[in-house]
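Input: a single structure, listed below in structure tokens.
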Amino acid sequence: MKPTDVKKPLRVLVVGMTSTVGGVENFLMAYCGRMDQERVRFDFLSRYADAAFPEKREEIGHTYVIPRRSEDPVKYYREIRAFFEEHAKEYDVIWDNECMFSDMTPLKLAAEYGIPVRIAHSHNPQNTDPSLKGKLRGLLHRAQRRSLARYANVLWACSEESARWVCPAMDLPFAIVPHAIDAAEYRFNAVTRAEVRQHYGLTDCLVVGHVGRLHYQKNQTFLLEAFARLHQREERARLVLVGDGPNLLALEAKAVELGVEKEVLFLGQRDDVPRLLQAFDLFVMPSRFEGLGMAAVEAQASGLPCLLSDAVSRGAAITRDVEFLPAEDADVWAEHMLDTLESLPERVRPDTQAAITRAGHELAEAAERLTCRFEQLVQDKPSFKRMFLLTTYPAGRLDVMADKARRDMQQIAADAGYALLNPDIPQKADKWWQVPLQYVRVLWEGCKLFWKLRHGDLLAVQYPFHPVRTAGVLRCALHMIQWKGAKTAACIHDLEVLRQPGSGAARWSDRELLMCFDQLIVPNARMADYLIGQGAAEDKVINLQVMDRLGEEPVPERPLAPAVCVVGDLTRKRSRYLHEIPRSKLTWHLHGEGWKGKAKRTDMIYHGGKMTRLEGSFGLIWEGQSTRVCTGAQGAYMMLSTPRKMSLYLTQGMPVIVWKWSAMAAFVRENGLGLVIDTIADIPGAVTALTDAEYACMAANARAWGEKLCRGDMTRDALRQLRG
């Protein structure tokens, strides 16, 4: 290999290291220290000479220090400009990590001096500093944040709330980058637990633990009040606070005031948190706000039950042993802590490593994903364009599976760099005067899109668009956006005319609005053929084959049994055929709402509306009144669209049974995913005729496809095709 053939590592300039060992600093050291330096190399630009983790930073790369703007503004601007003049050409990426973007100078100069990929990374959902100085910085942040897209071209955050805090318009390619840990370091160890508890005199105690900076955000004053009430009820209770910060002296004084100074241990800033967590019996976090709440994830990695304030992101809940409470009433917190501590003899400290990994917080896998993300951004830089996904929801009661399909697409698109748009359009129009308001609102949102989008941007719209009657206004907006040079695409879940057969607005939307998009993502080959027949260009239609259904649980294995699962609307209006099924050797497992079948049908077992664990060896996809044929609107729907229960069955590792005229029949045959039938009466014979080996092959195929759908592979591939 010639020396010129050696691929050089990407060069990334990291901004945001402070002198405090906090969440941002731990996050950066975890990722930068674990990523492959032959692929990505990091240097640091810090405003602090005493920035955290000096030894680790020295191992990773070089650190450049500039003065702080608040101490010497003239020197700060002179030196940071001199730095970019000399070094900007060395870097492919600038990665600016902040809780508030009150100072956009690094990103501004990076844009001026030509660093191609400029990432603004938000780590908190609001101002973390209640001091006067902090409030002034917060005002400056709010005044500047709408101009962030002038300098940054990528937005990363630990949560969507944190992203909106720094970029309310959400007009940058956006992705959530999870905080990650080496989960194996936190695995519960009984020997370590005994050693730590003995060292601190906690052998016969019930230990409530907290890890976090001693700061207004973390709300430890409330925690001390709640603990004092807990100690009144349980004398063996002890509180361990791990961390340092500006509120240390005030908290020590508060403990004395409450009379619990001997029961509270202040352990200060520690680098052995995984070891200390072993000694806890309960982890608590009463934060006023959090970007994510990484300390709670670490506690769950140790198998601890957690009590968190409702201001902590729900994304911090990895295991089922997490409870959220408003941090308002100290007595309520004391009662909940006591209930958990009293249940300890019945609890087994679980091994949660698999759950941490599935949630994306295992450091090795997360570091590899982030490395690939850096490489993809740099690879795309010559044609780097912004991407947006617009989602609306219908009026009335929302179908659970339809809601999940749209939210899954949002999650996958966000991970692929799409900024999410959720316009606030009134869906209900019960009064005559509410209809014009809908049109005005859609027109206003269309104008906002027109001014937001630029030449080369991509706008994807989840279809159907609601309210359907305003499709004409959206069509005009799309034409104006396309005239501006932006590209448009429709991500089709259903054709609206299949759901509203008698609606003229639905027919117009499907025939006129859909045809004006530049590209269409469709759920199956049958719908692709239909839309091409309606006038869509063949080369602009992208076939998903089957829609994704994101999930964290592993796809289960299933044995062959004479049992069929039915999921969905079980009312007579939608599923009358269930009441007409003749008795056989099959057992029917029903999951859904509205079942009012006869109690004497012992072969039909109703499981209620829960769909987390389906029973049976096959999943049936059938609609309508008759057991002989899928008729009416339901039949037309099945002949063109893909019911969402198809994805649900596959992600449960369950082969399917489909009607031979349905849109899924060819897909099921080609991929060996189950049985294709003519009538319901064919099912008993077809199931009993299968051998164990034949069923095992079907189940293996279903699991393989289910794993793809759980990861979102089909949608990711379609979105890549949209980008060209």
Filter pass, Gln462 being touching a Ser or Thr at 6+ places or on another chain (Cβ under 7 Å) and part of a helix (DSSP H, G or I): no
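Taking the options Asp603, Asp548, name whichever one is surrounded by fewer than 20 Cβ atoms within 10 Å (Cβ to Cβ) and either outside the structural domain of Asp408 (by TED's automatic domain parsing) or on the phi < 0 side of the Ramachandran plot (or both). I'd like the intermediate steps shown before the answer.
Numbers: Asp548 fails: surrounded by fewer than 20 Cβ atoms within 10 Å (Cβ to Cβ).
Sole residue among the options that is surrounded by fewer than 20 Cβ atoms within 10 Å (Cβ to Cβ) and either outside the structural domain of Asp408 (by TED's automatic domain parsing) or on the phi < 0 side of the Ramachandran plot (or both): Asp603.
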Lone qualifier among Lys133, Lys75, Lys89, Lys108 - being within 28 Å of Asn247 (Cβ to Cβ) and either of a type outside the set (Gly, Ala, Ser) or at pLDDT 90 or above (or both): Lys133
Ala110, sole failed condition from (1) surrounded by fewer than 19 Cβ atoms within 10 Å (Cβ to Cβ); (2) aliphatic (A, V, I, L, M); (3) assigned to a helix (DSSP H, G or I): (1)
Elements of type helices (runs of 4 or more DSSP H) contained in the range 573-673, each with 1 or more residues being modelled with pLDDT of 90 or more, over 29 Å from the mean Cα position of the chain (by Cα) and not aliphatic (A, V, I, L, M): 665-671
Matching residues in the range 458-487 - criterion: being under 13 Å from Lys385 (Cβ atoms) and in contact with a strand residue (DSSP E or B) (Cβ under 7 Å, 6 or more places away or on another chain): Leu458, Leu459, Ala460, Ala486, Lys487
Check on Glu252, acidic (Asp, Glu), farther than 30 Å from Arg164 by Cα and touching a His at 6+ places or on another chain (Cβ under 7 Å): no
Residue check for Ala395: surrounded by 15 or more Cβ atoms within 10 Å (Cβ to Cβ), outside the structural domain of Cys158 (by TED's automatic domain parsing) and among the aliphatic types (A, V, I, L, M): no
Close pairs from the range 613-627: first in contact (Cβ under 8 Å) with a residue 40 or more places away in the chain, partner of a type in the set (Val, Ile, Thr) and in a loop (DSSP other than H, G, I, E, B), Cβ under 8 Å, at least 6 apart: Gly624/Thr631; Gln625/Thr631; Thr627/Ile581; Thr627/Thr679
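This table checks each residue for (1) assigned to a helix (DSSP H, G or I); (2) of a type outside the set (S, T, N, Q).
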residue	(1), (2)
Gln410	yes, no
Ile425	no, yes
Leu443	yes, yes
Arg454	no, yes
Long-range neighbours under 8 Å by Cβ, at least six apart or interchain, first residue assigned by TED's automatic domain parsing to the domain that holds Ala301 within the range 261-273, second outside any helix (DSSP H, G or I) and among the acidic types (Asp, Glu): Gly268/Asp244; Gln269/Asp244
The range 232-255, residues that are surrounded by fewer than 21 Cβ atoms within 10 Å (Cβ to Cβ) and within 15 Å of Leu206 (Cα to Cα): Gln232, Arg233, Glu234, Glu235, Arg236
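If a residue has to be among the hydroxyl-bearing types (Ser, Thr, Tyr) and assigned to a loop (DSSP other than H, G, I, E, B) to count, how many in the range 30-60 make the cut?
Summing the residues that are among the hydroxyl-bearing types (Ser, Thr, Tyr) and assigned to a loop (DSSP other than H, G, I, E, B) in the range 30-60 gives 1.
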From Ala686, Ala702, Ala718, residue being within 30 Å of Gly456 (Cα to Cα), assigned to a helix (DSSP H, G or I) and in contact with a Leu (Cβ under 6 Å, 6 or more places away or on another chain): Ala718
Any pair with Cβ under 6 angstrom, 6 or more apart, that starts in the range 323-342 at a residue that is in the same structural domain as Val284 (by TED's automatic domain parsing) and ends at one that is assigned to a helix (DSSP H, G or I) and surrounded by fewer than 16 Cβ atoms within 10 Å (Cβ to Cβ): Leu338/Arg233
Which numbered condition Ala120 fails, given (1) closer than 19 Å to Met17 by Cα; (2) in a helix (DSSP H, G or I): (2)
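When you look at Arg358, is it of a type in the set (D, E, K, R) and under 28 Å from Cys710 (Cα atoms), yes or no?
yes
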Number of the condition not met by Pro350 [criteria: (1) in contact with a Phe, Trp or Tyr (Cβ under 9 Å, 6 or more places away or on another chain); (2) free of Cβ contacts under 8 Å to residues at least 40 places away in the same chain]: (2)
The listed residue being small (Gly, Ala, Ser) and in contact with a strand residue (DSSP E or B) (Cβ under 7 Å, 6 or more places away or on another chain), out of Gly23, Gly114, Gly61: Gly61
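Condition check ((1) in contact with a Pro (Cβ under 7 Å, 6 or more places away or on another chain); (2) crowded, with 21+ Cβ neighbours inside 10 Å; (3) over 22 Å from His455 (Cα atoms)) across all residues:
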position: Val117; (1), (2), (3): no, yes, no
position: Ser122; (1), (2), (3): no, yes, yes
position: Arg145; (1), (2), (3): yes, yes, yes
position: Tyr151; (1), (2), (3): no, yes, no
position: Leu155; (1), (2), (3): yes, yes, no
position: Glu161; (1), (2), (3): yes, no, yes
position: Trp165; (1), (2), (3): yes, yes, yes
position: Pro168; (1), (2), (3): no, no, no
Hits in the range 488-524 (condition: of a type in the set (D, E, K, R) and either in contact (Cβ under 8 Å) with a residue 40 or more places away in the chain or in a helix (DSSP H, G or I) (or both)): Asp494, Glu496, Arg499, Arg507, Asp510, Arg511, Glu512
Flag if Glu694 is in a helix (DSSP H, G or I), closer than 27 Å to Asp403 by Cβ and acidic (Asp, Glu): no
Residue tally, condition of a type outside the set (Val, Ile, Thr) and over 22 Å from Val177 (Cβ atoms), over the range 83-108: 9
Enumeration of residues in the range 336-349 that are loosely packed, with under 15 Cβ neighbours inside 10 Å and out of contact with any strand residue (DSSP E or B) (no Cβ under 9 Å at 6 or more places or on another chain): Asp339, Ser343, Pro345, Glu346, Arg347, Val348
Every pair of residues 6+ apart whose Cβ atoms lie under 7 Å, when the first sits in the range 359-374 and is farther than 17 Å from Pro9 by Cβ while the second is among the hydroxyl-bearing types (Ser, Thr, Tyr): Glu365/Thr357
Near pairs, Cβ below 6 angstrom, 6+ apart or cross-chain, from the range 32-56 (closer than 15 Å to Asp92 by Cβ) to any residue that is among the basic types (Lys, Arg) and modelled with pLDDT of 95 or more: Arg41/Arg11
Residues located in the range 417-438, provided they are out of contact with any Phe, Trp or Tyr (no Cβ under 8 Å at 6 or more places or on another chain) and within 23 Å of Asp494 (Cα to Cα): Asn422, Pro423, Asp424, Ile425, Pro426, Lys428, Ala429, Gln438
Restricting the range 1-29 to residues that are at pLDDT 90 or above and part of a helix (DSSP H, G or I), the residue that is surrounded by the fewest Cβ atoms within 10 Å (Cβ to Cβ): Met29
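The values are calculated or read from the model by the stated rules, or taken from the named source; none is laboratory data. Since we're looking at a predicted model, the values are computed, not measured. Backbone-built Cβ (ideal geometry, glycine too); neighbour counts: all protein chains shown.
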